[in-house]
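Inspection log for the structure reproduced underneath, given as structure tokens.
Read-outs: derived from the displayed coordinates by stated rules, not from any lab. Because the structure is predicted, anything quoted here is derived from the model rather than measured. Neighbour counts run over all protein chains shown; Cβ positions are idealised from the backbone, glycine included.
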Amino acid sequence: MAKVSIGLRGWRFEEDEIFTDDEELKPLDEIPEDPRERLLRLVGLVEEPCDVCYLDYGEDEIHRCNEAEIVYGEPDGEVLLCPEHERELLYWFREAGGSDHKGSVEFADRFHEWVAAGNEAPEGYGSVEHVEEDPDGLPDLPDQQEVQDRLEEGFDGDRIDILELAGEEDPEREELTEADLTESDLDLSTDYPSDR
């Protein structure tokens, strides 16, 4: 089967993984984990501004930003671009070390830092030719409420009370001290990725 982009160009999906034979979007629980995660992330990315435009104009002049049409990177570490600025990312990725961050959630942060430092693709640097066979022939992505409803409609497990699991309701629960943590195998020096 063919690969298709939905909503934004860049992330490509195997048609048979996400669509039924009638070209309808499959129920979310029938879509494999990686494409499902990307589809759910796309719901929030469609109609967002291009990252480079946003870095140029900022929140106060967001009306001047082009709407993103392209997405690169991994979910929660993605870069959104308009066609005009796609060449910036391609240059950064191919020529300025961006490929070192391929597949990481730091991908977007490193690209944003490169752009914010005043870097850009040289004049005339080429972009990618995108082929759109039938841009109107694909179904629209569901809105965020529809996605939430679809996720909850097939839920038949018990809700878990995290506080209860953590022992918050147990008056006999022993408090951990700093010494307990120091003696444990817990690595408190770990850096965790941050949202952009």
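Taking packing as the residue-averaged number of other Cβ atoms within 10 angstrom, the listed peptides 95-101, 66-72, 56-62 run from highest to lowest as 66-72, 95-101, 56-62. Taking R0 as 45 Å, what FRET efficiency do you get between residue 106 and residue 23 from their Cβ-Cβ distance, rounded to the nearest 0.05? The calculated FRET efficiency here is 0.80.
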